[in-house]
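Reviewing the structure listed below.
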Amino acid sequence: MQMHRIALAMAAAFPLAALAQGIALDAQLKTVLVASARAPLDPNLPSSTASKTAERLREQTIYNPEDIAVNLPSTTIRKRYFGDRNANVAGRSYGTLQPGRALVYLDGYLISNFLGRFDAPRWNMVNVEAIDRIDALYGPFSAIYPGNSMGTTLIVTERKPRGLEASASIKLNQQGFSEYATSDNYTSKQLSARIAAGLDSGLWYAASLQHQDSQGHTMGYANAVRGSTAVAFAAPTAAAKPVTGILYDRDPQVRDRAIFGANSIDHSLQDTVNLRVGYDISATQEIEARISWWHDDSTVRTATYLRDAAGNPVWSGVVRDGGNQFTVAADAFAPSLRDESHRQLGATWKTKHAKGWNASVVVTDYQIINDAARQATLAQPLADQGGAGTVTRRDGTGWNTFEVQSTYTPTEGDFGNGQHALLLGLHRNQYTLQNVVNNSSDWRSNETTLNQNYYGKTTITALYAQDAWKISPELVLTTGLRFEDFESADGAQYFDGPPVATNAFPGRSLTATSPKLSLAWSATEDLVLKTSLGRGVRFPNVDELFNGTKTGASITTSDPNLRPEVSDSVELSAEREWGRHWLRASVFRDDVTDTILRQTDTTVTPTVTRVSNVDKVLTQGIELVWATRDVGLKGLDLGGSFTWTDATVTANAANPAQVGKKWLRIPPQRYTVQASYRPHAQWLLGAAYRWASSSYNTEMNVDTNPDTYGGTSSVSQLDLKASWKFARQWEWGLGINNVANRPSWQAHTMPQRSVQTELRFSL
């Protein structure tokens, strides 16, 4: 119990909301590690937390950087395939269709990407070899973070060197895949290296390189659904070409569906370069700078199942089999290419006095230097020879942030009698959208006339304050207030038609105030009870306001007059640690007004995706998280989590029939179980099992057949990992993900069984 008493004492000195950019991070990490299964987090944080250190992360198979978050409580990572650049985060009260409710930081620098419909955090900027830990905060209970924190805030921290460090790894991953008439094995590989040093002069640096050659599986299928168009499932005519290879099933809405072939098979080459440099100016002052660069070269291919009488592939046209006739569009199997380069700059200055006032300044600038997505509009095999298409460019799109913080660590006899820990801050971020679509006479190489463009900016400026008042040795009251000013400007859209349309939107200005309150009571030496209340206001992002797409197959529309989401949240929790065991139980409730949602209508051609506000959504649930060490024998550790959630639409004047329907992509139940065993220093065995029930993917809950392509199915996945340190500096690992090869879908097919081997060197 002595360690726990020390931890509580330090928590009383540093009960600020954890792991923000700037000096709030330093204050938080000074707390004591109370159990090996837990991270050194303050038990008096305004919100519930979860963490994994580098040591714990080595118990699981990691290929893409986002893999570090897959086993966190109440968390879903939409990693669709190996090499995915859009792995969205979902939490206990929001799904992967709402990426704006997830904040992700890398060493205090914002990497959340709110520029596109499915643009995920820029996980690409993270070098797997450099990761030290990941921390998660749940809910809008801290004044430090903007309204996007109403969901989940993830903080990835890379190691800061103490002396000379060097490491490198080679990973080979092979995934078997079988679905419909596609059966194949896909190989991916990753090379990572890092060198870092902390010098006696106070200077330190860390440089890392990472290369990925990733082959993804089939992401989608060319198909036709009965009733979706007049030509789907038509009566056969003599003019139609006879074919074989059409496969039939039922879609998530239990409608007859014909499958013609596979598309969106992505092969990507990705490179990441990171350089961090820091310097201790004095014993109480330090600076740090970071530059990161990421490049992706992607080739997306397709595969038709259709064959004519001579056995030749058929890619488009009017086709029939024995019972039905279909029209396969010219671009149903159109390939694509993408070339993109991103750059991030970051700089931090901060003081580090043991007591009294400290200050920090953090700036970030993230820019898409080049992004050219080339899409053919011709059928194969002609598309491979060139011809018509489009080129979508996002050059110049990006964001920047500015953060100033000041914290006060109390001392005996000060103005607050040693009872008040204060935090003051100023935050500003700006997101800029530039999305231009040009026509092309040869989609592989040129651009001709303008087809569409989308522009706009959003700026949020915030002032915030937080006070942690140590009322008594057992009682801490944390109060906070965040005031935000939101502006949108320069919004414009152009469509070449038909019909030609030009829209210029007037600027908007909105304000919001978000109060926070948390009371933590150390009822006994090993039990902490906490009540947290908070309001979070998420303003619409630049994509939701101004972006869009228009193709022959789909139209996506935005709304420049969207209202901000407002979440009024409450959480009650009890946290206990006794001996080798730790348990946290939480009850939560989120009342969200004007929820922002994108929903696709697949009953029309082209499909239409609209963004709109839903009046009220109520989410409530229970979360249990536990960990225990040395279970039965030394070195055997167990942990896990369980979450029950009910998310329901309670009001929607625009669509009253939606009232009472379940919210999208939130599993009613989910749990994880994790185990690790270290029989001695050379060996590590790890296992993780996660399960989630199915959920809805449509606002009217009509998708009652989730276990198929297009559905949001249940998940049942067992992962195994073994590593052997066969020499002082060498380690070999073998991992199997999805051991039982259980299929799952989140609209797209998720990865099937994969085997990964890793060779790692560390100095």
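The values are calculated or read from the model by the stated rules, or taken from the named source; none is laboratory data. Since we're looking at a predicted model, the values are computed, not measured. For neighbour counting, all protein chains shown are included, and Cβ atoms are generated from backbone atoms with ideal geometry for every residue, glycine included.
Please indicate, with yes or no, whether at least one residue in the range 494-514 is surrounded by 18 or more Cβ atoms within 10 Å (Cβ to Cβ) and of a type in the set (Lys, Arg).
no
Taking the range 489-539 on its own, how many of its residues are farther than 30 Å from residue 472 by Cβ and in contact with a strand residue (DSSP E or B) (Cβ under 6 Å, 6 or more places away or on another chain)?
22
Count, please, the residues in the range 496-519 that happen to be farther than 23 Å from residue 465 by Cβ and either part of a strand (DSSP E or B) or within 33 Å of the chain's Cα centre (by Cα) (or both).
Result for the range 496-519: 8.
Kindly indicate the residue of the range 409-436 that is in contact (Cβ under 8 Å) with a residue 60 or more places away in the chain and more than 21 Å from residue 359 (Cα to Cα) and also surrounded by the fewest Cβ atoms within 10 Å (Cβ to Cβ) among those meeting that condition.
Checking each candidate, the answer is 432.
With respect to residue 289, is the statement that it is in a strand (DSSP E or B), within 30 Å of residue 205 (Cα to Cα), at pLDDT 95 or above and among the small types (Gly, Ala, Ser) true?
Considered against the rule, which asks whether it is in a strand (DSSP E or B), within 30 Å of residue 205 (Cα to Cα), at pLDDT 95 or above and among the small types (Gly, Ala, Ser), residue 289 comes out as yes.
Hey, any hits in the range 72-79 for a residue that's in contact with a Pro (Cβ under 9 Å, 6 or more places away or on another chain), on the phi < 0 side of the Ramachandran plot and surrounded by 24 or more Cβ atoms within 10 Å (Cβ to Cβ)?
yes
Listed residues 281, 259; which is surrounded by 15 or more Cβ atoms within 10 Å (Cβ to Cβ) and β-branched (Val, Ile, Thr)?
259
All but one of (1) over 26 Å from residue 523 (Cβ atoms); (2) part of a strand (DSSP E or B); (3) touching a helix residue (DSSP H, G or I) at 6+ places or on another chain (Cβ under 8 Å); (4) not charged (D, E, K, R) hold for residue 562; state the number of the condition that does not hold.
Against the list (1) over 26 Å from residue 523 (Cβ atoms); (2) part of a strand (DSSP E or B); (3) touching a helix residue (DSSP H, G or I) at 6+ places or on another chain (Cβ under 8 Å); (4) not charged (D, E, K, R), residue 562 comes up short only on (2).
Yes/no matrix, rows are residues, columns are (1) assigned to a strand (DSSP E or B); (2) touching a Lys or Arg at 6+ places or on another chain (Cβ under 8 Å):
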residue: 344; (1), (2): yes, yes
residue: 357; (1), (2): yes, no
residue: 380; (1), (2): no, no
residue: 400; (1), (2): yes, no
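What single numbered condition from (1) surrounded by fewer than 20 Cβ atoms within 10 Å (Cβ to Cβ); (2) over 20 Å from residue 220 (Cβ atoms); (3) polar (S, T, N, Q) fails to hold for residue 717?
Result: residue 717 passes all but (1).
Among the residues of the range 675-697, how many are over 19 Å from residue 77 (Cβ atoms) and either surrounded by fewer than 18 Cβ atoms within 10 Å (Cβ to Cβ) or acidic (Asp, Glu) (or both)?
Going through the range 675-697 one residue at a time, the tally reaches 8.
Just checking, which of 639, 686 is more than 22 Å from residue 137 (Cα to Cα) and within 27 Å of the chain's Cα centre (by Cα)?
Of 639, 686, the one residue that is more than 22 Å from residue 137 (Cα to Cα) and within 27 Å of the chain's Cα centre (by Cα) is 686.
Quick one: in the range 101-147, of everything that is out of contact with any helix residue (DSSP H, G or I) (no Cβ under 6 Å at 6 or more places or on another chain) and part of a helix (DSSP H, G or I), which residue is farthest from residue 79 (Cα to Cα)?
If we take residues in the range 101-147 being out of contact with any helix residue (DSSP H, G or I) (no Cβ under 6 Å at 6 or more places or on another chain) and part of a helix (DSSP H, G or I), then 147 is farthest from residue 79 (Cα to Cα).
Name the residue, out of 395, 339, that is modelled with pLDDT of 95 or more, under 30 Å from residue 491 (Cα atoms), out of contact with any helix residue (DSSP H, G or I) (no Cβ under 6 Å at 6 or more places or on another chain) and of a type outside the set (A, V, I, L, M, F, W, C).
Among 395, 339, only 339 is modelled with pLDDT of 95 or more, under 30 Å from residue 491 (Cα atoms), out of contact with any helix residue (DSSP H, G or I) (no Cβ under 6 Å at 6 or more places or on another chain) and of a type outside the set (A, V, I, L, M, F, W, C).
If a residue must be of a type in the set (Ser, Thr, Tyr), under 30 Å from residue 162 (Cβ atoms) and part of a strand (DSSP E or B), how many such residues does the range 181-216 contain?
Selection size over the range 181-216: 3.
Which is closer than 30 Å to residue 726 by Cα, touching a strand residue (DSSP E or B) at 6+ places or on another chain (Cβ under 8 Å) and of a type in the set (Asp, Glu), of 646, 630, 615? Please lay out each step first, then the result.
Details: 646 fails: closer than 30 Å to residue 726 by Cα; 615 fails: closer than 30 Å to residue 726 by Cα.
Just a single option satisfies the conditions, and that option is 630.
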